[in-house]
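These notes concern the structure reproduced below.
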Amino acid sequence: MSGLLIYTPKVTQRVHYIFQLFFDSLIKTPFTITSDEAAFKAYSGAKLNYSSSLFPTDILQIAPWGLLAETGIKPQNIHISEWNNMKIFFPTDSRDLPFDIFSVAFYLVSRYEEYFSHKPDEHTRFHFSNSLAYKNNFLHEPLINLWAEELKKIILKKYPAISFSENTFSFVPTIDIDVAYAHLGRTAGVTIGSYFKALSKFQLKTAIEKKLVFMHLKKDPYDTFDYQESIFRKYNLRPIYFFLAGKRGHNDKNISPDSTRFKKLVNRINSFAEIGIHPSYNSNSDAKIVSQEIVNVERNIPAKICCSRQHFLRLNLPETYRCLTQLGITDDYTMAYAGQAGFRASICTPFLFYDLQAESLLPVKLHSSIVMDGTLNEYLHQTPKEAISVTQGLLAKVKKYKGEFIFIWHNHSLNDMGHWKGWKAVFESILEAGAK
């Protein structure tokens, strides 16, 4: 046996899950879990006592709060305090840490709080204002990464010979294709109808623009794909594009996935980016509907689609991730709030989803999307200058903890027109800083 030996009297699914997150993903050191007290005492290497039992003081101890020994979901008594300038909760009488770092991290990454009844927003989403992170002003901090670094320091102080592997910072631009073109790609009936609708509402600018686009005298304002390809190639980046490919509805406005223009666009984007699915607003975690939407995109590319992000960032826990598991999706990028930038799960490292209702791990890796164009402009009403400051600050934190920085942009927000005037500069500033 080598590496860190962890003693805990009860080895639960939750214990396995959170120790793998910390020691395989965050601070990366070999570890073994045991409930054999005699074997733990006899071990001569680095060891961690995760129990209330008292061992010699030279052994690292973290006393459990109890969340990892439970099953099911019930209200937790949470009182936020501070330690080393970091927010903490679930305090214990540990010798080496004043709180149960593992229970706290499990509470946050499992999204425990989202299973309780709450007032949803207009799209039935868990609203950021209900979150512990927003209420206690740590939404902009990857707290779990901060805590992990503190734990690493404490372990090294006790056991200087132990080794850790380093994580590397990763930068992943993502583009959602909610509406590929403002005017092109519709059926003749829809096109003519929208033209006369604009005239009837005296939207003369829109009507004229439609006419000019169809006469090839003006480029479709949402067609920013030449620019996107050139700038991603300039910075040698491989982004992920999420295509909405469902039936047209009130909140699903993309062009038909059966249209020639949609098929050509998917094929073109595939030449410089990874392709993912953007399950429609109306799919509502329905595997049959999402499966057809995946087929609508996959038939245009040689590879299988393995990543997704829900349209409107609609998450229904745990049903959404059960649906994705059923369909073979291995990576999801929905973990974000529409109304606020930051770290919804208080972490900037990818992690597997833990199904609290089934008390089991699902093979879907969750990637936290940290900032979105619409969040900054349309929800928070920031200026481009303010948005650059916010994004640079968040990016610096992710770089510091060697995490994964993911941001969400849209093709239509890159047209540098209307209320998106000046936002190309925000996009480019993120790319330039992230690619360094």
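Bear in mind that the values in this text are calculations on the coordinates, not laboratory data. The model shown is predicted, which means the values in this text are computed figures rather than measured ones. Methodologically, a virtual Cβ is constructed for each residue, glycine included, from the backbone with ideal geometry; neighbour enumeration extends over all protein chains shown.
Key figures
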quantity: Debye-sum result for the chain in log10 I(q)/I(0), which assumes one identical scatterer on each alpha carbon, at q = 0.10, 0.14 Å⁻¹; calculated: -0.75, -1.31
quantity: Size of electric dipole in the chain: Cβ of Lys, Arg +1 and of Asp, Glu -1, about Cα centre, debye, nearest 20; calculated: 1180 debye
quantity: The stretch 75-118 residues near the modelled Lys153 label - backbone nitrogen below 14 Å, point 7 Å along Cα→Cβ; calculated: 83-87, 97-98
quantity: Of all DSSP beta bridges in the chain, antiparallel share, percent nearest 5; calculated: 25 percent
quantity: Phi to ³J(HN,Hα) by Karplus 6.51 cos²θ - 1.76 cosθ + 1.60 over the stretch 71-78, Hz, x for Gly, Pro; calculated: 10, x, 10, 8, x, 10, 7, 10
quantity: Unit charges on C-beta of K, R, D, E only; dipole of the stretch 42-95, Debye; calculated: 80 debye
quantity: The stretch 366-436 - convex hull of the alpha-carbon atoms, volume per residue in Å³; calculated: 88 Å³
quantity: Approximate spin-label separation Glu386-Lys402, in nm, with each point projected 7 Å along Cα-to-Cβ; calculated: 3.6 nm
quantity: Share, in percent, of DSSP beta bridges within the stretch 6-164 that are antiparallel, nearest 5; calculated: 40 percent
quantity: Burial ordering of Trp83, Trp420, fewest other beta-carbon atoms within 10 Å first; calculated: Trp83, Trp420
quantity: Sparse-neighbour loop sites [trypsin sites (Lys or Arg not before Pro); the stretch 257-337; at most 14 other C-beta within 10 Å; DSSP]; calculated: Arg299, Lys304
quantity: Label-point separation, Ser129 to Ser360 (7 Å along Cα→Cβ), nm; calculated: 3.8 nm
quantity: At R0 = 35 Å, FRET efficiency that the Cβ-Cβ distance of Ser194 and Thr71 yields, to 0.05; calculated: 0.05
quantity: Amide proton proximity set for Gln61, modelled H, under 5 Å, gap of 5+; calculated: Asn49, Arg95, Asp96
quantity: Asp258-Glu166 FRET efficiency (beta carbon distance; Förster radius 45 Å; 0.05 resolution); calculated: 0.40
quantity: Residue (of Phe40, Leu60, Ser308) at the positive-pole extreme of the chain, dipole from beta-carbon charges; calculated: Ser308
quantity: The chain, helix-only ellipticity at 222 nm - DSSP H runs n ≥ 4, -39,500 (n - 2.57), divided by all residues, nearest 500; calculated: -9500 deg cm²/dmol
